[in-house]
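Note sheet for the following structure.
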Amino acid sequence: MAIGVFDSGVGGLTVHRELTTRFAACDLVYLADQAHAPYGGRGGEDIVQLTRAGCARLFDAGASVVVLACNTASAIALRRLQQTWLPEERARRSRPINVLGIIVPTIEAATGQPWSHEIDPLAERKSAIDVLGVFCTAATAMSRVYEIEIDKRSEDLAVFSEACPGLAGLIELGAPEEELRVVVRDHVDALRRRIGRHPDRAVLGCTHYEIISDLFAEALPPGTPVIHQPQAVADALARYFARHPEYDLGQSGRRDFLTTGQPGPQSALIARFWGAPLTFTAA
Ligand code: DGL
């Protein structure tokens, strides 16, 4: 049995890498749906069906808990799968299984409040508010999940999402750093023009962007605090596993990397991020 980690492609490796150190003794299986990446420009129904197929594949590979290391899948598909698919799937497999997303832990880290915290909508808003910039895919931006959920939980944070269409695809293809630098600068600049100033804090709300977090740090004003999803997700998972000992996470330290796309070595960009060449096998 294992922890499963799912993404459209290589972005979820950012979360996966953190989980491999936090849960070193557990077995971990990574699945990249590279045959269908990127997800960010796809329609909602498509994203739901692809995410469901990915989770099923990971359960087949022995996962007890699947972490959707993908904001787009978490924003668009997670609730549907939890409500309409997981109950049957649990009964069919007759073992405890679950699918968890990464937006809840990110919002908890951004607001400094537990998910259960809700503000009194009638309370007076604070006069000093911080502006939070969320860089994400078009599908995540269109879902407005960060705006809606943060607004319920924090009275001193205004959220502006900046869709960066095409960026995850470029990272997936291992585009040269110079090309990525220009695209990141353009989006940071576009957000600044829209808000009228730079954001006070930022979320890299697409796991692919974490691979080039240095380029975001370079484009944002020096010292801008950035909420990193891998750490936020690993912290939340540790708390979740402590509350849920029923999940068998394996204990042989097995690491599998599966892809629905072309098996083989990943790009030089990924090898640099990972610290060693990384090879995916056929899912
Ligand atoms: N890495 C994913 C995310 O966090 C998906 C990017 C994409 O496939 O467009 O949203």
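Overview of values
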item: Dimensions in Å of the stretch 54-160 - Rg and Dmax from alpha carbons; result: 16.5, 53
item: Rounded accessible area per residue of the stretch 1-71, 1.4 Å, Å²; result: 26
item: Heavy-atom accessible surface of the chain: percent carbon and sulfur, 1.4 Å; result: 53
item: Relative packing of 213-220, 84-91, 265-272, 117-124, which averages over residues the other C-beta atoms within 10 Å, highest first; result: 213-220, 265-272, 84-91, 117-124
item: Pairs of Cα atoms farther than 19 Å apart, the stretch 182-283, %; result: 62
item: Spatial separation of Cα centroids for the stretch 1-51 and the stretch 61-92, in angstrom; result: 12
item: Amide proton proximity set for ASN98, modelled H, under 5 Å, gap of 5+; result: VAL65, VAL66
item: Per residue accessible area in Å² of the stretch 158-281, where ligands, DNA and RNA are left out and the probe is 1.4 Å; result: 47
item: Segments 249-258, 97-106, 130-139, 203-212 sorted - mean Cβ within 10 Å per residue, highest first; result: 203-212, 130-139, 97-106, 249-258
item: Bins of 10 Å, starting at 0 and running to the largest distance - Cα pair percent for the stretch 234-283; result: 21, 32, 31, 16
item: Rounded to whole Å, sorted largest first: equivalent-ellipsoid semi-axes of the chain, Cα gyration tensor; result: 29, 24, 17
item: Hull-based mean projected area of the stretch 1-111, where the convex hull spans the alpha carbons, in square nanometres; result: 7.0
item: Inverse of mean 1/r across different Cα pairs in the stretch 104-249, Kirkwood, Å; result: 16.4
item: Distance from the stretch 125-180 to the stretch 203-268 (C-alpha centre basis), Å; result: 17
item: Packing rank of 225-231, 40-46, where each peptide gets the mean count of other beta carbons within 10 Å, highest leading; result: 225-231, 40-46
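The values are calculated or read from the model by the stated rules, or taken from the named source; none is laboratory data. If you're wondering where the values come from, they're calculated on a predicted model, not measured in any experiment. Glycine also receives a Cβ, built like all others from the backbone with ideal geometry; neighbour counts cover every protein chain displayed. Keep in mind that these areas ignore ligands, DNA and RNA; they rest on the heavy atoms of the full protein, side chains included. Shrake-Rupley method; radii C 1.70, N 1.55, O 1.52, S 1.80 Å.
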